[in-house]
1. Rounded to the nearest 500, what is the 222 nm mean residue ellipticity of the chain from helices alone, with -39500 (n - 2.57) per DSSP H run of 4+ residues and division by all residues?
2. Quick one: what Rg and Dmax do you get for the stretch 150-295 from the alpha carbons, in Å?
3. Modelling each spin label as a point 7 Å along the Cα-to-Cβ direction, I'd like the ASP247/ALA14 distance in nm, to one decimal.
4. Would you mind calculating the relative contact order of the stretch 64-123 from Cα pairs under 8 angstrom and at least 6 residues apart, reporting the percent as a whole number?
5. Within a Cβ distance under 12 Å of GLY132, other residues only, what is the Lys/Arg minus Asp/Glu net charge?
6. Under 28 Å between alpha carbons, and skipping anything fewer than 8 positions from LYS216 in its own chain: which lysines qualify?
7. Got the relative contact order for the stretch 168-292 handy, in percent, Cα pairs under 8 Å and 6 or more residues apart?
8. Using modelled backbone amide H atoms (1.01 Å from N, in-plane), which distant-in-sequence or interchain residues come within less than 5 Å of LEU133's amide H?
Amino acid sequence: MAATHGTPQSPRLAWSFREQTWELGGFPKLMGIVNVTPDSFSDGGEFLDPTRAIEQCLRLVDDGADLLDVGGESTRPGAVPVGEDEEIRRVVPVIAEVARRVSVPISIDTTKAAVAQRALDAGAAIVNDISGLRFDPRMPEVCARAQAGVVCMHMQGTPQTMQIDPRYGDVVREVADYLAQRLAALDECGIARERIVIDPGIGFGKTPEHNLTILKNIARFRALGRPVLIGHSRKRFLAKILGRTLDETSSATLGVSAAAALAGADLLRLHDVRATRDVLAACWAVLRDAGTETA
């Protein structure tokens, strides 16, 4: 198991969901991605079959995932929306079976309150909503009533429009202001800040330059007093930075994972959990041996 020593720049922050509380800071928690979809940008169709999706969840846990993120609707640029009945049909059987077989928390990746409710009833403990709980007015109530953990993300536009021409005057300030506003709004809806993780939304209405600026300023988001999740795995900006194809971004994902962890990211949302855990464990061993770690 990897070392879990904290870094000097990462004070501990608590995140509560259902009956659990995690102390975050230092070695990040790894969130394994399972897309039960035919059209996700990286693994679309690979785990649409429930049996294969369940097997992938179990494999990610064996690889060291601290939590799982199961989604039934692609949010890649230009993705076609999915009806809530179809989304429920895709994700609920997978979540129910995985919750029966593993003890790690399960997150439902959705913007729909009905899907979140059915997933929470099936055993999920966290709702990961790319809209920051804005698209469905019933979502805050569902999360508050279930005492679910929440991942509140920033996105400019919608998955259909977000990458057409994203613009910011100051991307870090604008994203941070948005997240601060959402924290206050959700608190008024009965979702305590201790239940919320914030996500600046890498690739969601951002250019490659915006993404890099955000990654260089993780501390600015953490200064809002909430843990920060970074979801960069296999995203198109990595291919653009390297001048390679999307299929050639695994190494770049690992590099950004290490940089984000050292910059203070509390959670990393990933496809390749085992390789990431190995990279971070090696980084932490070097830092600890160099005397730059604190217990």
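1. Details: 10 runs with 117 residues, N = 295.
Mean residue ellipticity, 222 nm, calculated: -12000 deg cm²/dmol.
2. Calculated on Cα positions, Rg and Dmax stand at 15.9, 48 Å.
3. Each label point lies 7 Å from its Cα, and together they span 4.9 nm.
4. Details: 64 pairs, mean separation 26.8, N = 60.
RCO, the stretch 64-123: 45 percent.
5. Values: positive: ARG134, ARG182; negative: ASP129, ASP136, ASP199.
Once all neighbours under 12 Å are counted, the net charge is -1.
6. Of all the lysines, those that pass the test against LYS216 - Cα under 28 Å, at least 8 places apart if same chain - are LYS29, LYS206, LYS235, LYS240.
7. On the way: 131 pairs, mean separation 28.1, N = 125.
Across the stretch 168-292, relative contact order equals 22 percent.
8. MET153
The values are calculated or read from the model by the stated rules, or taken from the named source; none is laboratory data. These figures come from a predicted structure and were not determined experimentally. Cβ atoms come from the backbone with ideal geometry, glycine included; neighbour counts cover every protein chain shown. Only protein heavy atoms, including side chains, enter the accessible area calculation; ligands, DNA and RNA are left aside. Shrake-Rupley method; radii C 1.70, N 1.55, O 1.52, S 1.80 Å.
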